[in-house]
Amino acid sequence: MGRFSKSGCVSARALAPVGALATALLFSANQAIAQSHEQIIEQCRESVGRPIVQACMAGKRGDSSALEACRSQASPKVRACVIATEQKIAAKKAAPAAPVEAAPQGDISSVQTAFVAPPRSIADITAVLDQEKPDAAKIAKAQADAETQPSPALAGESLVQFYYDRAAARASLARNADALADALKAVEIGQKS
């Protein structure tokens, strides 16, 4: 008959491992509440990670690259165990109490009020976005400045200033290679004069 008695009921000997498992689970649940993050990680490594690594390493003794591969297989499951355990613990803890502000003493007029901005409406947001639209006139002026050529009458400081201004105009149009070339030309002319 084994585990069953003559009456067909489960014997006490068969229930002993179940009772021990239930006691261990209750004890571990109470312990989990007081655990730190490191203890939870270690517990998940032992309960989840170790069996995975042992099963993976069966027949691969002494191979360090296989050990790392097996550990990498167990890592996501250990991480999931840690997250699930910490979420269970967090669900059992009460939220912290709200801070209590002390009532102002004395004259109420001395209390400073803080400005609280009103909630934004769609009209406010579109007005801000309209202000940020590119100005076509400024873009056209920057393009004209970026395309101007130096006059043959310019020399010395005025030529350096011309290349500097044209480099700034080209940089504002995101023509960085041209802007760098003009800036280097301005430095070269400035060093000669």
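Rounded to the nearest 0.05, the FRET efficiency derived from the C-beta distance between F115 and L154 at R0 = 41 Å is 0.15. A58: net charge of surrounding residues, Cβ under 15 Å, Lys/Arg +1, Asp/Glu -1, itself excluded? That sum, taken over residues with Cβ under 15 Å, equals +3. For segment 63-182, the alpha-carbon coordinates run over 82, 78, 32 Å along the three principal axes, in decreasing order. Summing charges over neighbours of V160, with a neighbour being any other residue whose Cβ is under 15 Å away from its Cβ, gives -1 when K and R count +1 and D and E count -1.
For segment 164-171, 3J(HN,Hα) computed residue by residue from phi via the Karplus equation (6.51, -1.76, 1.60; θ = phi - 60°) reads 5, 5, 5, 5, 5, 5, 5, 5 Hz, glycine and proline entered as x.
Once the Cβ-Cβ distance of K88 and I139 is raised to the sixth power relative to R0 = 45 Å, the FRET efficiency obtained is 0.15. Normalised by residue number, the volume inside the convex hull of the Cα atoms of segment 145-188 is 56 Å³ per residue. Overall, segment 108-193 carries a charge dipole of about 60 debye about its Cα centre when +1 sits on the Cβ of Lys and Arg and -1 on the Cβ of Asp and Glu, all other atoms neutral. Across the options L129, L159, A146, the greatest Cα extent toward the positive end of the charge dipole of segment 36-176 (unit charges at beta carbon of Lys, Arg, Asp, Glu) belongs to L129. Under 8 Å for C-alpha pairs, at least 6 residues apart: give me the relative contact order for segment 66-193, rounded to a whole percent. Once normalised by length, the contact order is 16 percent.
The numbers here are math on the coordinates, done by the rules we state, and not lab data. Small disclaimer: the values here were computed from a predicted structure and weren't measured. Every residue, glycine among them, receives a Cβ derived from its backbone with ideal geometry; neighbour counts consider all protein chains shown.
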